[in-house]
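Q: Input: one structure, supplied below.
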Amino acid sequence: FNGPQRFEVEGADAARHHCESHGISEQDSHKVWTAIAVHTSAGIAERIDPFSRLVRYGVMMDFSLAVRAEVGADDLFVELEKTLPRLDIERVLADAVVNQA
């Protein structure tokens, strides 16, 4: 989804559409929308609701070596990335966000 809104909103809209097309309730689809829409908003995502906090922590684990170390997940990520290599995702994602803007 690449539209006129911020990438978080475009992604949240796409996720809500996906959820609803698979029979997920409007209430649960809204929770997914909220979590994705605020996942880059430090300090908001952690406080808005438990699901949004969980998604934010997942993003932080994925992109912050310091957070991985803090929770003792370094070895887990080393093993995970052997099976599922990152393939330069940081650059690819940054380029996608810039291109979407």
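Q: Please specify each residue of segment 29-65 satisfying the condition of being polar (S, T, N, Q) and surrounded by 13 or more Cβ atoms within 10 Å (Cβ to Cβ).
A: Result: SER29, THR34, THR40, SER41, SER52.
Conditions (1) surrounded by 12 or more Cβ atoms within 10 Å (Cβ to Cβ); (2) farther than 27 Å from GLY3 by Cβ; (3) small (Gly, Ala, Ser); (4) over 17 Å from the mean Cα position of the chain (by Cα), marked per residue:
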residue: VAL67; (1), (2), (3), (4): yes, yes, no, no
residue: GLU70; (1), (2), (3), (4): yes, yes, no, yes
residue: ALA73; (1), (2), (3), (4): yes, yes, yes, yes
residue: LEU87; (1), (2), (3), (4): no, no, no, yes
residue: ALA94; (1), (2), (3), (4): no, no, yes, no
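Q: How many of the residues making up segment 24-54 are within 18 Å of ALA14 (Cα to Cα) and at pLDDT 95 or above?
A: Total satisfying the criteria: 18.
Q: Can you tell me which residue is nearest to ARG6 (Cα to Cα) among those in segment 75-85 that are surrounded by 12 or more Cβ atoms within 10 Å (Cβ to Cβ) and out of contact with any helix residue (DSSP H, G or I) (no Cβ under 7 Å at 6 or more places or on another chain)?
A: If we take residues in segment 75-85 being surrounded by 12 or more Cβ atoms within 10 Å (Cβ to Cβ) and out of contact with any helix residue (DSSP H, G or I) (no Cβ under 7 Å at 6 or more places or on another chain), then LEU80 is nearest to ARG6 (Cα to Cα).
Q: Follow-up. Would you check which residues across segment 13-30 are within 22 Å of GLY3 (Cβ to Cβ) and in a helix (DSSP H, G or I) and list them?
A: ASP13, ALA14, ALA15, ARG16, HIS17, HIS18, CYS19, GLU20, SER21, GLU26, SER29, HIS30 - these are the residues of segment 13-30 that are within 22 Å of GLY3 (Cβ to Cβ) and in a helix (DSSP H, G or I).
Q: Examine segment 55-75 for a residue that is aliphatic (A, V, I, L, M), at pLDDT 95 or above and not in a loop (DSSP other than H, G, I, E, B), and state whether such a residue exists.
A: For segment 55-75, residues aliphatic (A, V, I, L, M), at pLDDT 95 or above and not in a loop (DSSP other than H, G, I, E, B): present.
Q: Just give me the residues in segment 31-53 being farther than 18 Å from ASN2 by Cβ and not in a loop (DSSP other than H, G, I, E, B), in sequence order.
A: LYS31, VAL32, THR34, ALA35, ALA45, GLU46, ARG47, ILE48, PRO50, PHE51, SER52, ARG53
Q: Tally the residues that are among the hydrophobic types (A, V, I, L, M, F, W, C) and more than 24 Å from ASP95 (Cα to Cα), restricting the search to segment 1-46.
A: The qualifying residues number 4.
Q: Hey, could you check segment 1-28 for residues that are more than 26 Å from ASN99 (Cα to Cα) and among the small types (Gly, Ala, Ser) and say which is surrounded by the fewest Cβ atoms within 10 Å (Cβ to Cβ)?
A: Among them, the one singled out is GLY23.
The values are calculated or read from the model by the stated rules, or taken from the named source; none is laboratory data. Bear in mind that the values here come from a model prediction, so they are computed numbers and not experimental data. Please note: Cβ atoms are built from the backbone with ideal geometry, for glycine as well, and neighbour counts cover all protein chains shown.
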